[in-house]
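The values are calculated or read from the model by the stated rules, or taken from the named source; none is laboratory data. This is a predicted model, so every value here is computed, not measured. Virtual Cβ from ideal backbone geometry, glycine too; neighbours counted across all protein chains shown. Calculation scope for accessible area: heavy atoms of the full protein, side chains included, ligands and nucleic acids excluded. Shrake-Rupley method; radii C 1.70, N 1.55, O 1.52, S 1.80 Å.
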Number of protein chains: 2
Amino acid sequence: MKYGVAIFPSKKLQDLANSYRKRYDPHYALIPPHLTLKHSFEASDSEIKDITRTLNLISKKYNPFSIQVTKVKSFQPVNNTIYFKVEPTAELEGLYEDLYTDVPGEKPEYPFVPHITVGQKLSNDEHSDVLGQLDMLGIDHEEVVDRFALLYQLDNGSWTVCETFHLGRD
Amino acid sequence: MKYGVAIFPSKKLQDLANSYRKRYDPHYALIPPHLTLKHSFEASDSEIKDITRTLNLISKKYNPFSIQVTKVKSFQPVNNTIYFKVEPTAELEGLYEDLYTDVPGEKPEYPFVPHITVGQKLSNDEHSDVLGQLDMLGIDHEEVVDRFALLYQLDNGSWTVCETFHLGRD
C-alpha cells in the first residue's frame, strides 16, 4: 500500500488554497490542501505498524511551531507548479530529515522546499497568468502546526488519513 | 466550524465502495467512503478542544471490534440512497449513543442504521438498476475497526481529518 506524510494547515488556509486549486490543480478532489513532509512510499501491513511507532516517536521530538506563508511562487523551470511558499523552520527541516532517515522510502533528489500546492500541470500561458494574479494579490499568513498525518492512497488516487500524530504530546 | 465523526473502513472496502460511488455518489470527491457515527455539528475552536477530550474518553471505552458487511440495501422509500449495510454491534451502538449524549449536536429523528453509502441522489430508474445490479453481485466482508476520526468541513463541502482516535488504547 502507498503511504505519505503531510501537514494539513488550518481551515482558513485550506479554503484559500482551494479557491485556486479548484480551477488550477487536477489533484483538487484527491486530497485536501497540504504540506507534504514525506512523499509516497510503499509499506506492507506489518511494516506500517513499526512505521506508526516510529512516527509516534518522531512527533514527540518536536513541539508545536509557527509557520509563515508570505509568498506565492512557482517551481519553474523545473515544472509549472504554483504554490504558497512556507518559510523553512527548524521543526519542518527536522521532521523532513527524520521522516526520510527513520522511515523507509527514498529521499527525492531535489531539496526540501516546504509548500502548499495551489496549481499544477498548467500550460505555460496559464502558469504566467495565474502566477501574475496571485503575485499581485499577495499572501501574508501565520499559524501554528501541532500535528501531522499519515495517509494512504486508494486505487482511485485519492488519499485517506490513517492516523494523526500530535507534536510534543505524551 | 462544522465537524463530524466517522469510521473509515479498510482500503479494500473503500476501493470497492468507490467503484460504485464514482458513478453514483455526488459526494465521491468530498470524502472517502465512510461510516458516519455522528452527523455534522457546529463547534467553536474552544468547544472543539473539550470535545476532543471527550472523544478521547469515549474511544477508551471500546475495544477494537469486527464489523460485517453482508448486504447492499436502500433507504427507499425515505430516499434513494444505496449503501453497504453494516451489521449493528454493541460497539457501534455504544459509540453512536455516546457521541450524541456526550458531544453537542442533535440526534437525527431516524434510528441509527450503520452503513457505507455507495450511491445517492439517484433517479428512480437509476436507483432500481443499481440496486438490482449490486444485489446480484452480493457482498460478504468482515474487518476490524480500531479507530474513528473527527473531521471538519471546508467551504467547498469537502472534509479534512482533524484527529484520529484509537479504540481501547491508553
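Table for the structure above
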item: Segment B:8-17 - phi-based ³J(HN,Hα) in whole Hz, Karplus 6.51/-1.76/1.60, Gly and Pro as x; result: 9, x, 4, 3, 4, 6, 5, 4, 5, 4
item: Where trypsin sites (Lys or Arg not before Pro) fall in DSSP loop in segment B:1-92, at most 12 other Cβ within 10 Å; result: B:LYS61
item: Residue-averaged beta-carbon neighbours from other chains (10 angstrom radius) around B:154-166; result: 6
item: Where labels lie 7 Å past Cα in the beta-carbon direction, separation of A:GLU106 and B:HIS166 in nm; result: 3.2 nm
item: Positive-end residue, the protein assembly as shown charge dipole about Cα centroid, Cβ charges, pick of A:THR164, B:LEU16, A:ILE58; result: B:LEU16
item: Cα long-axis angle, helix A:124-137 against chain A (0 to 90 degrees, to the nearest 10); result: 90 degrees
item: Acute angle (nearest 10 degrees) that the helix A:90-101 long axis makes with the longest principal axis of chain A, alpha-carbon atoms; result: 60 degrees
item: Residues with amide H under 5 Å from that of A:HIS34, placed H, sequence gap 5 or more; result: A:THR117
item: Kirkwood Rh, Cα atoms: Rg over Rh of segment A:2-166; result: 0.96
item: Accessible area buried at the A-B interface, both sides summed, 1.4 Å probe (Å², nearest 100); result: 2000 Å²
item: Only Lys, Arg (+1) and Asp, Glu (-1) charged, at Cβ; chain A dipole about Cα centre in debye; result: 300 debye
item: Simple spin-label estimate for A:ASP50 and A:MET136 in nanometres, 7 Å along Cα-Cβ; result: 5.5 nm
item: In segment B:96-170, trypsin sites (Lys or Arg not before Pro) in a DSSP loop with at most 13 other beta-carbon atoms within 10 Å; result: B:LYS121, B:ARG169
item: Around A:GLN153: net Lys/Arg minus Asp/Glu count, Cβ-Cβ under 12 Å; result: -1
item: 19 Å Cα-Cα threshold exceeded, pairs from B:LYS12/B:LYS85; A:LYS12/B:LYS121; A:LYS85/B:LYS2; result: A:LYS12/B:LYS121; A:LYS85/B:LYS2
item: For the protein assembly as shown: accessible area per residue (Å², 1.4 Å); result: 49 Å²
item: Largest-first ordering by accessible area, 1.4 Å probe, given options B:VAL78, A:VAL103, A:VAL144; result: B:VAL78, A:VAL144, A:VAL103
item: Counted charge near A:LYS11, where neighbours are those whose Cβ lies closer than 11 Å (Asp, Glu -1; Lys, Arg +1); result: -2
